[in-house]
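Structure first, commentary second.
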Amino acid sequence: MDTNAGRDDLARLKAERDAADREYNDALTRLDRAIQQLPAGFPHPPPPPDEHQVTPLNTLWQIDVPPAPGGLRGRLLALVRGFVAPLFEQQQAFNSAVVDHINRNVPVDRQTRESIESTLTVLRDQLAELARFQSLLVIFLQQITPYVDTRDRDVAGLLRGLSGAINAVADELLKRSEAMLARDRRSELRAGDLDARLAELGARLDELQQSLARSGAAARKA
């Protein structure tokens with residue numbers, strides 16, 4: 001009855017171990033499939049700002065008005081300039097504002113592109129390191145089962161060695177017990193033989209005393 005119960009316990013433990021191994025391997029497979037990879041279409045930094053017309057704009061924004069010629073033509077030209085001068089001033093103010101705005105935004109565009117480029121570089125490196133860490137983690141987890149199996153084999157070996165030592169001690173104790181029992185039997189046999197001899201000797205002494213008593217009685221009668 002106890003043997004069957006022990007076998008049932010071993011079978012149950014083996015079934016639980018097999019189920020745990022399956023669950024562990026399934027989880028490890030899911031983790032391996034979830035390892036991140038760098039996307040094929042990883043974004044590139046934007047192109048640098050177009051500064052092709054910056055230099056011409058800085059040289060052409062100001063309206064140069066040539067001096068008026070002399071004579072009637074000059075007076076007529078001066079009269080016309082008096083009417084259109086506000087328009088020229090307004091246009092020049094607009095040109096100045098546009099050029100100033102462009103000049104202020106050129107370094108901002110440069111810094112923005114540099115910031116995006118450095119951010120993308122850091123992001124790409126971090127994703128690569130994350131994928132590498134996940135790969136190393138999967139490799140590490142794959143080594144747990146062989147390590148545990150090795151430890152189990154070590155424990156099993158120790159148990160086998162301990163069992164062998166216990167069996168050897170038990171055999172030695174059994175041998176000594178049998179030797180002690182044999183000595184006890186021999187001692188009992190010797191004691192029994194001695195008792196028998198003593199009894200036989202006592203019986204002979206009794207016979208001798210009786211014989212001497214009979215001989216003395218016969219001598220007194222004679």
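The values are calculated or read from the model by the stated rules, or taken from the named source; none is laboratory data. All of these numbers come straight from a predicted model, not from anything done at the bench. As a convention, Cβ positions derive from the backbone with ideal geometry for all residues, glycine included, and neighbour counts pool all protein chains shown. Ligands, DNA and RNA are stripped out before the accessible areas are found, and what is left, the full protein with its side chains, is counted by its heavy atoms. Shrake-Rupley method; radii C 1.70, N 1.55, O 1.52, S 1.80 Å.
Key figures
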{"quantity": "PHE42/ILE144 FRET efficiency (R0 22 Å; Cβ-Cβ; nearest 0.05)", "calculated": "0.05"}
{"quantity": "Within-15-Å neighbourhood charge of LEU201 [Cβ basis; K, R +1; D, E -1]", "calculated": "-3"}
{"quantity": "VAL106, VAL169, ranked by accessible area, largest first (probe 1.4 Å)", "calculated": "VAL169, VAL106"}
{"quantity": "Separation in nanometres of the label points that stand 7 Å from Cα toward Cβ, at ILE35 and VAL54", "calculated": "4.5"}
{"quantity": "Difference of contour (0.36 nm per residue) and Cα-Cα distance, GLN62 to ASP26", "calculated": "5.5 nm"}
{"quantity": "Using a Förster distance of 41 Å, the FRET efficiency for LEU181-SER211 (Cβ separation, nearest 0.05)", "calculated": "0.35"}
